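Okay, so here's the structure we're looking at.
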Amino acid sequence: MKKAIRYLRFSQIGQSNGSIERQELYTDQWIKTNDIELIDTFIDRGKSAKTFDRPDFIKLQEFITKHYKNVDYLLVDQLDRFSRNAGEAMSMVKTLQGKYGIQVVSVTEGIIFDYETPGSFFRAGLQLLLAEEDNINRSIKIRGGLYTAKAKEGRFVHNSPPFGYKKEGERKERKLVVNEKDAKIVRFIYDTYLRDVPIYLIKDMAKKLGFNRTGNDAIQRVLSNAVYAGFLKVEPYKDHPGGLFPGIHEPIIDVHVWKMVQNKMKRPEKIRSIIDDEIPLRGVLKCHCGNVLTGAPSRGKSGKYFYYYKCKHSKHNNISAIKAHDQFLNICELMSISPAVVEKIRSGCDKSLKDELQKNKVLSELKKEELIETEKKLLLLEEKWIKSEIAKDTYDRWYANYKYSIENAKESIQRFSTNPSGAFKILQKNLDLLTDISSVYTKANTLEKREFVNLVFDSNLYYEDGIYRTPTMLHVFTCNQLKMKNKGLLIYEKKRDDFSIIPSSGVAENRTRVQTSN
């Protein structure tokens with residue numbers, strides 16, 4: 001009597017234990033009809049058939065490796081339950097028959113697949129290809145449906161709602177609703193993060209308040225989730241773009257706050273930098289060929305070490321650090337601003353502050369009016385929906401647009417209502433430092449000196465033929481640029497716009513002549 005093992009597989013989504021019972025019934029009938037002895041059964045629950053890397057199938061393989069001499073058939077309900085990858089499936093059928101002498105049987109299709117028989121091989125291949133095609137079509141429909149639901153309808157379609165929300169409604173009417181108790185914790189997490197509280201402390205405090213999400217990056221997941229700002233993250237589909245799309249749910253976090261958190265969470269690119277106080281310009285000063293100059297000590301005939309800046313990609317520059325530093329200090333002295341100019345800047349700051357406050361007041365009032373009008377439109381929209389005067393898709397589309405406009409208006413009002421006088425006070429307090437730039441630079445540590453150079457020259461400070469050169473420089477420090485050039489210290493050649501890309505219309509030509517004449 002021939003012996004067989006059976007492999008039953010069903011998905012946890014859309015199928016119940018009844019599927020297993022049906023499969024068992026089919027295989028029991030086939031075993032009885034063909035007088036086959038069943039020696040074991042393996043059940044695969046809820047794993048994708050795209051690959052054989054499934055726990056229960058691995059157990060099946062281990063069983064076959066040990067007991068293949070006592071097995072003649074491997075029974076499956078139908079071939080797509082075995083695998084939806086035609087290439088891998090044919091290879092597995094070949095291995096089972098060629099290496100272990102076990103043939104795969106599709107019970108419901110009544111087929112014993114024989115790899116060595118052309119007709120059977122063709123039929124098996126056809127069934128597997130049809131199964132894979134069905135899988136591809138299903139995947140396309142699912143991805144298309146998800147894109148429509150999220151990008152066009154603004155619906156949150158995932159099973160578990162984010163912390164701070166709950167789900168209400170059924171099917172297409174189901175949407176996220178704010179759970180105010182948990183939402184307060186979400187707002188607390190965002191607020192404390194922007195106050196520079198360490199993540200581990202935020203996690204401990206949030207847990208005491210009732211935050212129940214686990215994992216090392218639980219707080220980071222909350223901080224990066226666009227759902228809290230009223231958006232949904234959508235993957236691209238075919239020719240349709242991906243990105244963040246407005247959702248129909250109520251946001252917990254203001255859009256402006258969420259954006260500030262995302263900017264803060266961006267990890268700056270790490271640049272390897274060796275700190276040596278003898279050569280503070282290493283890594284910021286560039287050779288005229290474009291490469292950053294390195295620096296190192298060189299031993300002289302007397303045994304004493306002298307520092308040099310060098311271009312390691314060419315022999316363009318080999319500069320004495322002492323000479324380079326003396327030149328730069330002289331440049332700093334000429335960059336210093338006279339007390340009279342500082343006073344003009346101070347009075348200009350006062351005027352700018354008053355103008356800024358007045359301008360922001362006007363803009364804030366305009367945004368408040370816009371906010372009131374939009375909220376009225378949203379209320380009218382809800383009334384029309386309640387009275388069934390508009391379709392659901394129309395309501396969802398305009399609801400998302402109005403909510404987005406409301407959040408933007410609130411963000412603008414908050415920004416325009418912020419008093420910038422604090423920043424101006426700090427500026428006024430430090431303006432006198434501009435009268436002695438050389439002293440400011442000398443007192444700075446190496447990292448501060450590098451930051452100073454990158455700020456003043458926009459990371460564009462070069463060295464060529466014994467003189468510093470730059471195409472970019474803060475305007476406030478350019479008052480003595482001619483003296484710098486005449487003394488052989490710094491040549492400031494401002495970048496010119498490339499007017500060749502301007503269209504040759506009459507207006508563009510006039511603009512070009514005016515700009516170049518200046």
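The values are calculated or read from the model by the stated rules, or taken from the named source; none is laboratory data. Fair warning: this is a prediction, and the values are worked out from it, not measured in the lab. When we count neighbours, we look across all protein chains shown, and the Cβ atoms used for this are built from the backbone with ideal geometry, even at glycine.
Worth pointing out:
- The stretch 29-40 residues that are in contact (Cβ under 8 Å) with a residue 12 or more places away in the chain, paired with ones that are aromatic (Phe, Trp, Tyr) (beta carbon under 8 Å, 6 or more apart): ILE36/TRP30; ILE36/TYR73; ASP40/PHE63
- Within the stretch 209-228, the only residue that satisfies the criterion of being closer than 22 Å to ARG155 by Cβ, surrounded by 13 or more Cβ atoms within 10 Å (Cβ to Cβ) and free of Cβ contacts under 8 Å to residues at least 40 places away in the same chain is ALA226.
- Residue list for the stretch 409-421, filter: of a type outside the set (Gly, Ala, Ser), in a helix (DSSP H, G or I) and surrounded by fewer than 17 Cβ atoms within 10 Å (Cβ to Cβ): LYS410, GLN414, ARG415
- Set LYS167, LYS184: member being more than 25 Å from the chain's Cα centre (by Cα), modelled with pLDDT under 90 and either closer than 17 Å to GLU250 by Cα or among the β-branched types (Val, Ile, Thr) (or both): LYS167
- The strands (runs of 3 or more DSSP E) located wholly in the stretch 174-265 that include 2 or more residues which are of a type in the set (Val, Ile, Thr) occupy 175-178.
- Some residue of the stretch 357-380 being in a helix (DSSP H, G or I), free of Cβ contacts under 8 Å to residues at least 12 places away in the same chain and among the hydroxyl-bearing types (Ser, Thr, Tyr): no
- Top-ranked residue of the stretch 428-460 - restricted to ones that are part of a helix (DSSP H, G or I) and among the polar types (S, T, N, Q), ranked as nearest to PHE477 (Cα to Cα): THR435
- Note on the stretch 464-518: residues that are of a type in the set (A, V, I, L, M, F, W, C) and at pLDDT below 75 total 6.
- Residue, farthest from GLU370 (Cα to Cα), within the stretch 393-426, restricted to residues that are among the basic types (Lys, Arg) and at pLDDT below 80: LYS425
- Residue that is nearest to the chain's Cα centre (by Cα), among those in the stretch 339-349 that are loosely packed, with under 12 Cβ neighbours inside 10 Å and either at pLDDT below 80 or among the hydroxyl-bearing types (Ser, Thr, Tyr) (or both): GLY348
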